[in-house]
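Take a look at the structure below.
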Amino acid sequence: MTQRIVIAGASGFIGRTLQAHFADVRGWEVVTIGRADAVRWGDATAIRSAVDGASLVVNLAGKSVNCRYSAANRAEIVRSRVDTTRQLADAIAAVERPPALWVNSSTATIYRHAMDRPQTESSGELGDGFSVSVARAWEDAFFSAELPATRRVALRMAIVLGDGSALEPLAALTRAGLGGAQRDGVWFRSTRRRAAGTEHRPGSSGGRQKFSWVHVDDVVRVVDWVSERADIEGVLNVASPHPEDNRRLMAHLRRILHRPTGLPMFRWMLELGSIAIRTETELVLKSRWVLPERLMAEGFTFAHADLEKALASILAPR
């Protein structure tokens, strides 16, 4: 009997890679939920039908955080994660044959800006501010529902690298000669942004903020692995065991893209540039130092553990 995976929010590059793996490699039936899919958000009957009897549900839904954190965008970032998670929880609670496993996307951004030590599932410290509050609400919606027949795993993913990922703007900067480190520093303080939790406070210098990352293929492999490990539940840090810092990240990009030099970008340049391209400096200036403690302890091996090789596998073919 063909097994079924339900992927919510499948239109992004992680979802597309996951669909291809389970359809072409595992031979599973794939059902997707999204705004333009056959099963759409808000259609409770269709969502219940999709998850009833499924072997695995994976939820990747959520508005991209690569935007300005205006009040409207903040509300949609939260709603698109919490509301979709609750819709799935309601559907799973209502069906006769609930899925054995539900894997929900989360984010390693839930941890604090870390320059002193890595953050793990057992000893990591949660941060504060808007992005952290989103992650907390997302996980609360996921774990709070009473679903005794369904095992749940939240993937606290580091920055995911792949074709169409956050790597694109960094590669574009490198090609344009701005492939130096992104350097934190002082910027004008805003009462409004501070109250909203969206103000990035300086916490590193010289491009030393940590860059935790994971290749999209390893994200798929983690989902595959979790589906075979009935003893795994709760939160998992999904990040390469070898994080680097922003300086080395940009040096790797310069070598791969054959740009021997690259001008650094200072905080004031990043702030003005982020306004122009409608994004936030937190995405490159927050120090994300995350280690996959549980995955390593349980014997999971990463196919892409070296950052430069991972970057080359994505960018060199172009």
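Annotations
- From the list Ala195, Ala145, the lone residue that is closer than 23 Å to Ser80 by Cα, out of contact with any helix residue (DSSP H, G or I) (no Cβ under 6 Å at 6 or more places or on another chain) and among the hydrophobic types (A, V, I, L, M, F, W, C) is Ala195.
- All told, Ser212 falls short of being surrounded by fewer than 21 Cβ atoms within 10 Å (Cβ to Cβ) and among the hydroxyl-bearing types (Ser, Thr, Tyr).
For every residue, the table says whether it meets (1) in contact with a Lys or Arg (Cβ under 9 Å, 6 or more places away or on another chain); (2) under 27 Å from Ser133 (Cα atoms); (3) touching a residue at least 60 places away in the same chain (Cβ under 8 Å); (4) not in a helix (DSSP H, G or I).
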residue	(1), (2), (3), (4)
Met1	no, no, no, yes
Asp24	no, no, no, no
Ala61	yes, yes, no, yes
Arg74	no, yes, yes, no
Arg79	yes, yes, no, no
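- Scan the range 267-300 for residues that are touching a strand residue (DSSP E or B) at 6+ places or on another chain (Cβ under 6 Å) and assigned to a loop (DSSP other than H, G, I, E, B) and the total you get is 3.
- Of note, Gly206 does not satisfy the criterion of being surrounded by 15 or more Cβ atoms within 10 Å (Cβ to Cβ), touching a helix residue (DSSP H, G or I) at 6+ places or on another chain (Cβ under 8 Å) and assigned to a loop (DSSP other than H, G, I, E, B).
- Test result for Thr45, part of a helix (DSSP H, G or I) and of a type in the set (Val, Ile, Thr): yes
- So Ile92, is it part of a helix (DSSP H, G or I), over 24 Å from Ala166 (Cβ atoms) and not small (Gly, Ala, Ser): yes
- Of all residues making up the range 227-238, the number that are among the hydrophobic types (A, V, I, L, M, F, W, C) and surrounded by fewer than 23 Cβ atoms within 10 Å (Cβ to Cβ): 3
- Across the range 178-202, the qualifying residues are those that are exposed (fewer than 12 other Cβ atoms within 10 Å of the Cβ) and small (Gly, Ala, Ser), and the one among them that is nearest to Glu271 (Cα to Cα) is Ser190.
- So Val58, is it surrounded by 21 or more Cβ atoms within 10 Å (Cβ to Cβ) and under 24 Å from Arg151 (Cα atoms): yes
- Qualifying residue in the range 236-257 (condition: under 30 Å from Ala54 (Cα atoms), of a type in the set (Lys, Arg) and in a helix (DSSP H, G or I)): no
- Set side by side, the residues Gly179, Gly164 differ, and just one is at pLDDT 95 or above and either on the phi > 0 side of the Ramachandran plot or in contact with a Gly (Cβ under 9 Å, 6 or more places away or on another chain) (or both), which is Gly179.
- When Asp83, Asp116, Asp128 are checked against the criterion of being surrounded by fewer than 23 Cβ atoms within 10 Å (Cβ to Cβ), of a type in the set (D, E, K, R) and either outside any loop (DSSP other than H, G, I, E, B) or touching a helix residue (DSSP H, G or I) at 6+ places or on another chain (Cβ under 6 Å) (or both), a single residue qualifies: Asp83.
The values are calculated or read from the model by the stated rules, or taken from the named source; none is laboratory data. What you see is a predicted model, and the numbers here were worked out from it, not measured in a lab. Don't worry about glycine lacking a Cβ; one is built from the backbone with ideal geometry, like all the others, and counts go over all protein chains shown.
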